[in-house]
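Below: one structure, written as structure tokens.
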Amino acid sequence: ELSLGERTAAQLNSLKEMLVFAGESTPYYRELFSNIGFDPQNIHSLNDLSNIPLLEKEIIRTHHDQLLTERFEEPIMSNHTSGTTGSALEIVLSEEANQRHYACLWYHFGWAGFQRGDPLATFGGHPVAAMNRWSPPFWLYDRNENDLMFSAYHLTPKTAQFYVRELTKFRPKIIRGYPSLIYLIALHMLDTGKREIHPKGIFTYAETTLDKQRQVIEQAFDCPVYSSYGNGEHVGH
């Protein structure tokens with residue numbers, strides 16, 4: 001096992017490699033480093049990064065093409081963040097980055113005993129039902145992932161019963177999604193006494209999971225809650 005000093009040195013070396021790559025192959029950083037007189041080869045500590053301006057969302061929007069590396073020739077795909085901290089942001093990803101992201105995701109699901117192919121229920125921002133629909137279904141089934149995706153836009157005190165009924169039929173091994181939505185489902189279950197949904201774990205993302213929400217969700221579903229970060233940028237591996 002590496003010592004703390006060895007881990008710090010390895011992380012600093014990886015950071016240096018990334019910045020050298022960015023300065024050599026990315027138009028935005030090549031110009032930026034030249035303008036501020038920054039040489040990534042001379043990084044010796046994190047303090048050496050203090051002169052680099054923060055990469056803010058507006059910079060990504062206005063310099064989108066200049067932030068793409070000139071060396072990349074593999075297939076790419078587009079993704080976007082949820083916009084929880086403001087407006088959504090479009091991100092260009094490599095196919096490998098997308099694969100690594102999902103490998104990391106399924107690894108975390110394994111903490112609850114989940115295996116690929118097990119039934120999964122998702123409460124997110126997916127547009128899975130027409131906005132003017134006020135009778136079920138408020139969900140869409142992804143056959144490839146065995147994922148029942150529930151609408152975030154149709155959950156009300158009147159429609160909660162349909163969500164609970166469908167969850168009970170589907171019997172997901174894990175549930176993931178916005179804690180505020182899962183919390184409302186949990187409240188409905190406790191209020192009605194319908195507690196027949198018993199996943200192995202619940203993974204929340206996109207919002208901060210409040211202590212009160214965690215307690216109610218764990219009581220209703222009788223399983224642990226794992227807080228996570230949605231990570232639309234796919235850089236969490």
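In region 183-201, the residues that are within 12 Å of Gln161 (Cα to Cα) form Cβ pairs under 9 Å with partners that are basic (Lys, Arg) and at pLDDT 95 or above, at six or more places apart or across chains, as follows: Lys194/Arg165. Could you please find all residues in region 135-158 being basic (Lys, Arg) and either within 15 Å of Ala121 (Cβ to Cβ) or touching a residue at least 60 places away in the same chain (Cβ under 8 Å) (or both)? Answer for region 135-158, where residues must be basic (Lys, Arg) and either within 15 Å of Ala121 (Cβ to Cβ) or touching a residue at least 60 places away in the same chain (Cβ under 8 Å) (or both): just Arg143.
Within region 60-71, the set of residues being open to solvent by less than 70 Å² (accessible area, probe 1.4 Å) and either modelled with pLDDT under 65 or touching a Ser or Thr at 6+ places or on another chain (Cβ under 8 Å) (or both) comprises Leu67, Leu68, Thr69.
Candidates are the residues of region 131-141 that are open to solvent by 90 Å² or more (accessible area, probe 1.4 Å) and not hydrophobic (A, V, I, L, M, F, W, C); the one that is nearest to Pro179 (Cα to Cα) is Tyr141. For region 72-130, taking the residues that are of a type in the set (S, T, N, Q), in a loop (DSSP other than H, G, I, E, B) and at pLDDT below 80, the one that is least open to solvent (accessible area, probe 1.4 Å) is identified as Thr81. One residue stands out in region 156-175 among those that are at pLDDT below 95 and either within 23 Å of the chain's Cα centre (by Cα) or not polar (S, T, N, Q) (or both): the one that is farthest from Val225 (Cα to Cα), namely Lys158. Filtering region 204-219 to residues that are assigned to a helix (DSSP H, G or I) and of a type outside the set (A, V, I, L, M, F, W, C) leaves Asp211, Lys212, Gln213, Arg214, Gln215, Glu218, Gln219. Any idea which of Arg176, Arg165, Arg195 is open to solvent by less than 50 Å² (accessible area, probe 1.4 Å) and either in a strand (DSSP E or B) or more than 30 Å from Leu89 (Cβ to Cβ) (or both)? Result of the check over Arg176, Arg165, Arg195: Arg176.
The values are calculated or read from the model by the stated rules, or taken from the named source; none is laboratory data. Since the structure is predicted, the reported quantities are computational estimates derived from the model, not experimental observations. Reconstructed Cβ throughout: ideal geometry from the backbone, glycine too, with neighbour counts over all protein chains shown. Side chains are part of the model used for accessible areas, which takes the heavy atoms of the whole protein and leaves out ligands, DNA and RNA. Shrake-Rupley method; radii C 1.70, N 1.55, O 1.52, S 1.80 Å.
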